[in-house]
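Heads up, the thing below is written out as structure tokens.
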There are 2 protein chains.
Amino acid sequence: MKTDKDIDINEYSEIFKALAHPTRLTIAYNLSKKAECNVSKMSECLGVPQPTVSQHLTILKNANVITGYRNGNQICYKIENQKVIKILEQMV
Amino acid sequence: MKTDKDIDINEYSEIFKALAHPTRLTIAYNLSKKAECNVSKMSECLGVPQPTVSQHLTILKNANVITGYRNGNQICYKIENQKVIKILEQMV
DNA sequence: TGCTAATATTCTAATATACGAATATAGATA
DNA sequence: TATCTATATTCGTATATTAGAATATTAGCA
């Protein structure tokens, strides 16, 4: 679905869907404010089991909200998508 | 759930959930760009049945994304929530 | 009052999401 | 290679979402 200004509504609705869960929004918000972060640190900080965090990360990845890269034996996640960064910057 | 800066994560995740459906995002985006709009005009413009539009409007209302007021025998919806307006302004 | 147009609600079935528990995999390093 | 740590996947169940169809409600007006 497209609007007048040729905005990709489906792309944005996918982003919003990914951000619509409190745990995922917290992960994304923190990644936008702080440095990148690995999975076990997130699990510890959030008090959420590692498999659950991993499931949420998969959803965020599939919506192109976050990207991950391996660093030694862990995987660091960060936000590169400028659309997502702009959205999260509005949060006050 | 709260973050460092005392942002209300639950409030925002509710907003994002409301915006996570293509039809609802289109409605909200159009209301943010154009003037307010009544239900049957939305139904016509979107090509979506009136009851379905009304259901989506209820979800947007409950998430405090839109507000409605009666004007004669129709109901006009608009966006007043500044947080929502700021989010939608980021869409390019 | 009775009719009409606009909007909202209810119901149902199909589909999607969430989460905990258990298990699997991948890569680093001894 | 064997093992350890970090991360991902699968499974089952409970719950939520979606959309269409039918119906109900509301307010304006003849």
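The values are calculated or read from the model by the stated rules, or taken from the named source; none is laboratory data. Here the structure is a predicted model, which means the values were calculated and not measured. Here Cβ is always computed from backbone atoms with ideal geometry, including for glycine, and neighbour counts include all displayed protein chains.
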Which numbered condition residue B:68 misses (of (1) closer than 18 Å to residue B:15 by Cβ; (2) more than 7 Å from DNA strand C (Cβ to nearest atom)): (2)
Count of residues meeting criterion [outside any helix (DSSP H, G or I) and in contact (Cβ under 8 Å) with a residue 12 or more places away in the chain] in the stretch A:38-69: 7
Enumeration of residues in the stretch B:59-74 that are away from every other protein chain (no Cβ under 14 Å) and touching a helix residue (DSSP H, G or I) at 6+ places or on another chain (Cβ under 6 Å): B:66
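Name the residue, out of B:44, B:36, that is of a type in the set (Asp, Glu), at pLDDT below 95 and under 13 Å from the mean Cα position of the chain (by Cα). Show your work before the answer.
Numbers: B:44 fails: under 13 Å from the mean Cα position of the chain (by Cα).
Exactly one residue qualifies, and that residue is B:36.
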When residues of the stretch B:37-58 are limited to those that are touching a helix residue (DSSP H, G or I) at 6+ places or on another chain (Cβ under 8 Å) and among the small types (Gly, Ala, Ser), the one surrounded by the fewest Cβ atoms within 10 Å (Cβ to Cβ): B:40
Given (1) in contact (Cβ under 8 Å) with a residue 60 or more places away in the chain; (2) surrounded by fewer than 14 Cβ atoms within 10 Å (Cβ to Cβ), number of the condition residue A:29 does not satisfy: (2)
Subset of the stretch B:70-84 (residues that are out of contact with any Phe, Trp or Tyr (no Cβ under 9 Å at 6 or more places or on another chain), in contact (Cβ under 8 Å) with a residue 12 or more places away in the chain and either small (Gly, Ala, Ser) or under 16 Å from residue B:26 (Cβ atoms) (or both)): B:79, B:84
Failed item in (1) part of a loop (DSSP other than H, G, I, E, B); (2) within 16 Å of DNA strand C (Cβ to nearest atom), with residue A:35 passing the rest: (2)
Subset of the stretch A:1-17 [more than 7 Å from every other protein chain (Cβ to nearest Cβ) and either in contact with a Leu (Cβ under 8 Å, 6 or more places away or on another chain) or modelled with pLDDT under 85 (or both)]: A:2, A:4, A:5, A:6
Number of the exception - residue A:30 against (1) away from DNA strand C (no atom under 12 Å from the Cβ); (2) more than 9 Å from chain B (Cβ to nearest Cβ); (3) within 21 Å of residue A:74 (Cα to Cα); (4) not hydrophobic (A, V, I, L, M, F, W, C): (2)
Residue among A:38, A:71 that alone is within 14 Å of DNA strand D (Cβ to nearest atom) and in contact with a Cys (Cβ under 9 Å, 6 or more places away or on another chain): A:38
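Please go through the stretch B:69-80 and give me each residue that is surrounded by fewer than 17 Cβ atoms within 10 Å (Cβ to Cβ) and at negative phi, ordered by number. Even if it seems obvious, please write down each step before you answer.
Step one: filter the stretch B:69-80 for residues surrounded by fewer than 17 Cβ atoms within 10 Å (Cβ to Cβ), giving B:69-75, B:78, B:80.
Result: B:69, B:70, B:71, B:73, B:74, B:75, B:78, B:80.
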